[in-house]
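This report refers to the structure that appears directly beneath it.
Rule-based calculations on the coordinates, nothing more; no lab input. Model, not experiment: these values are computed from the prediction. Cβ atoms come from the backbone with ideal geometry, glycine included; neighbour counts cover every protein chain shown.
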Ligand SMILES: [Zn+2]
């Protein structure tokens, strides 16, 4: 899953919501707990992911949702909140 991430305006929207402490799903006021999502939306994401028939389908679904700004890659919440000053972006 390395290097799959949202870009452009989607990345800006994701970053703003993470820094504001908001779930990535539009209209959701709940506090995010995992991967940028509140508990309810994280469980719905996981349930949809696990409903996919193969590892390849799951990987594709996860990449699509990350690029669409609907969920963050593993570790990105921490990275957005506490960027590494030594990493050139
Ligand atoms: Zn939510």
Inset, instruction - Find the relative contact order for the chain and round it to a whole percent, using C-alpha pairs within less than 8 Å whose residues are 6+ positions apart. - result: 36 percent
Legend entry - Stretchable slack from residue 19 to residue 44, in nm (0.36 nm times residue separation minus alpha-carbon distance): 6.8 nm
Legend entry - Ascending count of other beta-carbon atoms within 10 Å, so fewest first, for 66, 4: 4, 66
Legend entry - C-alpha center-to-center spacing [the range 48-68, the range 26-45] in angstrom: 17 Å
Legend entry - Order of 61, 86, 45 under a 10 Å beta carbon neighbour criterion, fewest first: 86, 61, 45
Legend entry - Structure-based [θ]222 nm, the chain - -39500 (n - 2.57) summed over DSSP H runs of at least 4, per residue, nearest 500: -15000 deg cm²/dmol
Legend entry - Least to most buried among 44, 9 (fewest other Cβ within 10 Å first): 9, 44
Legend entry - Spacing of the two label points (7 Å from each Cα toward its C-beta) at residue 54 and residue 79, in nm: 2.8 nm
